[in-house]
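Engineer: Here's a structure for you.
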Amino acid sequence: MADPNEFAGRVALVTAAAGQGIGQAVARRLAAGGARVIVTDIHAGRTEKVTAAIAAAYPATTVVGYPMDAGDRGQIDTVIDQVTASLGPVQILVNNAAVNVVGSIFDYEPANWDWAVRVNLSGPWYLCRRVMPLMRDAGGGVVVNVGSYAPDVGGGGIEAPYAATKGALAALTRGLAHEGGPFGIRAVYISMGVVKGTKFAEDNAELLAGLPGTTGPLGELPDATDIAESVAFLASDRAAFITGEVLNVSGGSYMRN
């Protein structure tokens, strides 16, 4: 059971939090810990529906939803300004939004590459650019970047744009840790492979079934709640001396050197 006071009073913003997978699980877990949760997602109707459901499940805290394209700087500005004015500074930022281009460099278009860079890398950077000064002024905060072990395996030969942007996000995380540390700001990166129950896993089931090493020695894939619990740990005071690090949550399907 989550400690309902673990994140009490802290404002937590999660991107892509209204889908069926990791983002919604993270938003629910942070709300269960007492955080005031900002649900953002590119789909307005879905954002409204999921926000209402989380708010009903955790009435002791505040849950607010904002439609937001995580790669659109204008929309990011609008949301951060409104959240800061109504709830105060974001103290936990979870950069979860990502897009995946499955295919070969011989097949996908330059626009696909640009899309991946905009959402997977430039968006998280800009959110940090907006939020970290607020964290600094508030005495600290945590950035959790949701990543992948795809950069370590080159995308497995099917998703180089995704792998490249997630590798850059890991590098950005280390830079944020160095720059934010003197102001009490931690930055961490959580890595994983395929997560069961997500739209990507469902949409690519046949393709993934043919890949070796999808499941590790634990014999099964993690689900979204496994990832959410790991995010909650990294965002909490239990991880107060962890920054600039990668936490691999893959059931051993990939073991980092």
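Engineer: Quick one: would you say residue 190 is modelled with pLDDT of 95 or more and in a loop (DSSP other than H, G, I, E, B)?
Structural biologist: Details: modelled with pLDDT of 95 or more: yes; in a loop (DSSP other than H, G, I, E, B): no.
No, not satisfied.
Engineer: Condition first: hydrophobic (A, V, I, L, M, F, W, C) and open to solvent by 40 Å² or more (accessible area, probe 1.4 Å). Now tell me which residues in segment 91-112 satisfy that.
Structural biologist: Correct list: 98, 102, 105, 106, 111.
Engineer: Let me ask something additional. Only residues that are in contact with a helix residue (DSSP H, G or I) (Cβ under 6 Å, 6 or more places away or on another chain) and open to solvent by 40 Å² or more (accessible area, probe 1.4 Å): list them for segment 61-90, please.
Structural biologist: The answer is 67, 73, 89.
Engineer: Right, another one. Taking interchain pairs and intrachain pairs at least six residues apart, which have beta carbon atoms under 6 angstrom, with the first residue in segment 56-70 and in a loop (DSSP other than H, G, I, E, B) and the second of a type in the set (A, V, I, L, M) and open to solvent by 30 Å² or more (accessible area, probe 1.4 Å)?
Structural biologist: These pairs meet every condition: 69/42.
Engineer: Provide a single number: the residues in segment 1-27 that are assigned to a loop (DSSP other than H, G, I, E, B), within 17 Å of residue 223 (Cβ to Cβ) and of a type outside the set (Gly, Ala, Ser).
Structural biologist: 1
Engineer: Let me ask another. From 125, 115, grab the single residue that is aromatic (Phe, Trp, Tyr), open to solvent by 60 Å² or more (accessible area, probe 1.4 Å) and either at pLDDT below 95 or under 22 Å from residue 246 (Cα atoms) (or both). Talk me through it step by step, then tell me what you get.
Structural biologist: On the way: 115 fails: either at pLDDT below 95 or under 22 Å from residue 246 (Cα atoms) (or both).
Going through 125, 115 in turn, the sole match is 125.
Engineer: Filter segment 25-42 down to the residues that are of a type in the set (Asp, Glu) and more than 19 Å from residue 198 (Cα to Cα) and list them by number. Talk me through it step by step, then tell me what you get.
Structural biologist: First, pick out the residues of segment 25-42 that are of a type in the set (Asp, Glu): 41.
Scanning segment 25-42 gives no hits.
Engineer: Keeping to segment 33-55, report how many residues are basic (Lys, Arg) and without any contact (Cβ under 8 Å) to a residue 40 or more places away in the chain.
Structural biologist: Summing the residues that are basic (Lys, Arg) and without any contact (Cβ under 8 Å) to a residue 40 or more places away in the chain in segment 33-55 gives 2.
Engineer: Suppose we filter 35, 44, 12, 27 for residues that are of a type outside the set (Asp, Glu) and either surrounded by fewer than 23 Cβ atoms within 10 Å (Cβ to Cβ) or more than 24 Å from residue 237 (Cα to Cα) (or both); which single one remains?
Structural biologist: None of the others qualify; the one that does is 44.
Engineer: Within segment 150-189, restricting attention to residues that are open to solvent by 30 Å² or more (accessible area, probe 1.4 Å) and of a type in the set (Phe, Trp, Tyr), which residue is nearest to residue 113 (Cα to Cα)?
Structural biologist: Here the residue is 162.
Engineer: Please specify each residue of segment 28-48 satisfying the condition of being in a helix (DSSP H, G or I) and in contact with a strand residue (DSSP E or B) (Cβ under 8 Å, 6 or more places away or on another chain). Explain how you work it out, then say what you get.
Structural biologist: Applying the first criterion (in a helix (DSSP H, G or I)) to segment 28-48 yields 28-32, 44-48.
Of everything in segment 28-48, those that are in a helix (DSSP H, G or I) and in contact with a strand residue (DSSP E or B) (Cβ under 8 Å, 6 or more places away or on another chain) turn out to be 30, 31, 44, 47, 48.
Engineer: May I pose another question? For segment 87-109, check the following and say yes or no: at least one residue is without any contact (Cβ under 8 Å) to a residue 40 or more places away in the chain and assigned to a helix (DSSP H, G or I).
Structural biologist: No; the residues of segment 87-109 include none that is without any contact (Cβ under 8 Å) to a residue 40 or more places away in the chain and assigned to a helix (DSSP H, G or I).
Engineer: What is the one condition in (1) at pLDDT 95 or above; (2) surrounded by 14 or more Cβ atoms within 10 Å (Cβ to Cβ); (3) aromatic (Phe, Trp, Tyr) that residue 200 does not satisfy?
Structural biologist: (1)
The values are calculated or read from the model by the stated rules, or taken from the named source; none is laboratory data. Keep in mind that this is a model prediction, so the values were computed, not measured. Please note: Cβ atoms are built from the backbone with ideal geometry, for glycine as well, and neighbour counts cover all protein chains shown. These accessible areas exclude ligands, DNA and RNA; they are computed on the full protein's heavy atoms, side chains included. Shrake-Rupley method; radii C 1.70, N 1.55, O 1.52, S 1.80 Å.
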